[in-house]
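Remarks on the structure that follows.
The values are calculated or read from the model by the stated rules, or taken from the named source; none is laboratory data. Model, not experiment: these values are computed from the prediction. Quick reminder, even Gly has a Cβ in these numbers, built from the backbone with ideal geometry, and neighbours come from all protein chains shown. Accessible surface is based on the protein model in full, side chains and every heavy atom, while ligands, DNA and RNA are left aside. Shrake-Rupley method; radii C 1.70, N 1.55, O 1.52, S 1.80 Å.
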Amino acid sequence: PRSLGEPKMNVVVFSRVAALYQAILKQCKGVQSVKFQYAAPEDPAAIRSHVQDADVLIADPNDISRLLDQHALPSAKWVHCSFAGVEKVVYHPTAKPTFILTRQAGYFGPQMAEYVLAQIINRERRFFQLHDNQKTSLWSSPQHHDMQYRLLSTLTIGILGAGDIGKKVAALCKSFGMTVWGLTRTPAQGQEKCPDIDHYRQLEGLPELLAHSDYVCGVLPSTPQTVGLLDGDVLQHCSSKVRGQDTACNQPCVECVSTLHRSLFSSMLVGAIW
């Protein structure tokens, strides 16, 4: 706490996240030692008028990286990223953070899990195709071979990254009876092990995971060790039924677009979703 008469701590919200500033004000109602301000990221003047004097900055990762490019955080002691991914800040090519950096962890798991499961159901039930059929008044019989689908309980998902988000994906998939494989950098032990993951593998076990999976979901953090993890010929270990989903925060596991194209056209993958 600051002593009486000491200037208030200057907290600036510099984010495109809707209603974030108002939510912070509501939670901090009655706090007298802090001055809260909002600065619009799309306003160039906001950096000079607000951000440069911020003691604490709450911002989106792309904007934090942009501010580092401009050396626009001379006063910042603490910067909080409004998303889980901080790779663009931690691995900034020219300016290393001199402030405490925190991130919005433990929040996005349910959203990511719902997205992954929705994509699986959409493709198994061919909802996109049914939508197109309805637009052209084509009412296919459910017995038509194009409308055949597999139950979730017969499918296997391989999750690349078994952290907070990966465990939420695993729990939702397991609740529908899916078999779940999880890829981790180090062996999962004790409380780190997720009861919803049936089979754990480390990086060297990636080919085995791919071979057993109907769907592969990437929720790995973007690091030098994970970017391009699926490049080269590693996807040849997939059976021809595999669909890939990459919901990582920034850079994809497949960094080389030609690798993805080759995998699709050679039938190593039947689909890919970003």
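Observations on the structure shown:
- Partner lysines for LYS174 [C-alpha distance under 17 Å; skip if fewer than 8 residues away on the same chain]: LYS193
- Using C-alpha pairs below 8 Å separated by at least 6 residues, the relative contact order for segment 127-227 is 29 percent.
- Based on protein heavy atoms only, segment 84-142 ends up with 65 Å² per residue of surface accessible to a 1.4 Å probe.
- Greater than 32 Å apart at Cα, pairs in LYS8/LYS96; LYS88/LYS135; LYS135/LYS167; LYS26/LYS168; LYS29/LYS96; LYS29/LYS77: LYS88/LYS135; LYS135/LYS167; LYS29/LYS96
- Estimated at the nearest 10 Å², the accessible area of VAL86 is 20 Å² with a 1.4 Å probe.
- Highest-first arrangement of 220-232, 127-139, where packing means the average Cβ count within 10 Å: 220-232, 127-139
- Over segment 179-237, Cα pairs under 8 Å with separation of 6+ residues give a relative contact order of 32 percent.
- Cα gyration tensor shape for segment 2-70, rounded if a/c is under 1.5, else prolate or oblate: oblate
- Packing here is the average count of other Cβ atoms within 10 Å per residue, and on that basis the peptides 198-205, 161-168, highest first, run 161-168, 198-205.
- Over segment 52-99, Cα pairs under 8 Å with separation of 6+ residues give a relative contact order of 45 percent.
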